[in-house]
Amino acid sequence: MGEIKVSPDYNWFRSTVPLKKIIVDDDDSKIWSLYDAGPRNIRCPLIFLPPVSGTADVFFRQILALTGWGYRVIALQYPVYWDHLEFCDGFRKLLDHLQLDKVHLFGASLGGFLAQKFAEYTHKSPRVHSLILCNSFSDTSIFNQTWTASSFWLMPSFMLKKIVLGNFSSGPVDPMMADAIDFMVDRLESLGQSELASRLTLNCQNSYVEPHKIRDIPVTIMDVFDQSALSTEAKEEMYKLYPNARRAHLKTGGNFPYLCRSAEVNLYVQIHLLQFHGTKYAAIDPSMVSAEELEVQKGSLGISQEEQ
């Protein structure tokens, strides 16, 4: 039990990457927690947004690998926000505070939905340069909980945890997936009642993504073929919404592929970010990109622009 929590990788991460706490709202109780790693000269980093049960450190394997390759990566944990507009406003203030004009977003489940809503919210003055949506959705009605969304704030913590745990895999899983589930259960235990209630409210509050507002943003849809909390219908809806999106399919990985299939997830993230190398929106330090790779990238960019 708890293999990931005691692993050398996780302990190395906790001892080398500091957790920062930032307040950007008038309400002092709304605290953003984040890990910011990699070269500070990068002005368009990749930001990770966690699922309902996750904290910022669930992406530690992405942070370790990607920063080692020269990328700037930020993993976030949300304050208590009760509606999507309030979240988007707070996230915009956070980016202003960090002096980040545009960013790439990787969102897992609820994180992916919030990433889409933020891209939609800022479409007139774009702040999102690209999206990676992992096991995510575009319409909260798929959970059939919109009618209970307004009562989550009343429920005790144990009841909220039970709702979240109901979406975790219960069948037989391989050891790495079992470790990932254990780690996520542990992270879930660390969340307070208001944190959990607000996230479940955001997850189930009646809302959907308006695709015409974000159709020009490059998107990669990452999903798994084995058991996850998302229905096939929800996945199909995502494909329909983003017909030009790149698709990153993992044979297995369950709800938390970034923990139990991190090598594959990291590779797909790199492939997604490759299209921005050599531009001002690159998330990687230019000195870490070989000259040959840059020439190839510029060549393909030139070709794609000519095609357009």
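The values are calculated or read from the model by the stated rules, or taken from the named source; none is laboratory data. These numbers come from a predicted model, not from an experiment. Backbone-built Cβ (ideal geometry, glycine too); neighbour counts: all protein chains shown. Only protein heavy atoms, including side chains, enter the accessible area calculation; ligands, DNA and RNA are left aside. Shrake-Rupley method; radii C 1.70, N 1.55, O 1.52, S 1.80 Å.
A few remarks follow.
- Matching option when the condition is open to solvent by 10 Å² or more (accessible area, probe 1.4 Å) and either in contact with a Ser or Thr (Cβ under 8 Å, 6 or more places away or on another chain) or not aliphatic (A, V, I, L, M) (or both), among Ile163, Ile142, Ile132: Ile142
- The number of residues in the range 149-193 that are aliphatic (A, V, I, L, M), modelled with pLDDT of 90 or more and not in a helix (DSSP H, G or I) comes to 2.
- Of all residue pairs spaced 6 or more apart or on separate chains, those with beta-carbon atoms under 9 Å, a first member in the range 159-182 that is under 26 Å from Val6 (Cβ atoms) and a second member that is at pLDDT 85 or above and basic (Lys, Arg) are Val164/Arg199; Met176/Arg261; Met177/Arg261; Ala180/Arg261; Asp182/Lys5.
- Only a single item in (1) in contact with a strand residue (DSSP E or B) (Cβ under 8 Å, 6 or more places away or on another chain); (2) modelled with pLDDT of 95 or more; (3) in a helix (DSSP H, G or I); (4) of a type outside the set (Lys, Arg) is not met by Leu85, and it is number (1).
- Against the numbered list (1) polar (S, T, N, Q); (2) modelled with pLDDT under 80; (3) open to solvent by less than 60 Å² (accessible area, probe 1.4 Å), Ser262 comes up short only at (2).
- Qualifying residue in the range 215-231 (condition: touching a residue at least 60 places away in the same chain (Cβ under 8 Å), charged (D, E, K, R) and either assigned to a loop (DSSP other than H, G, I, E, B) or surrounded by fewer than 20 Cβ atoms within 10 Å (Cβ to Cβ) (or both)): no
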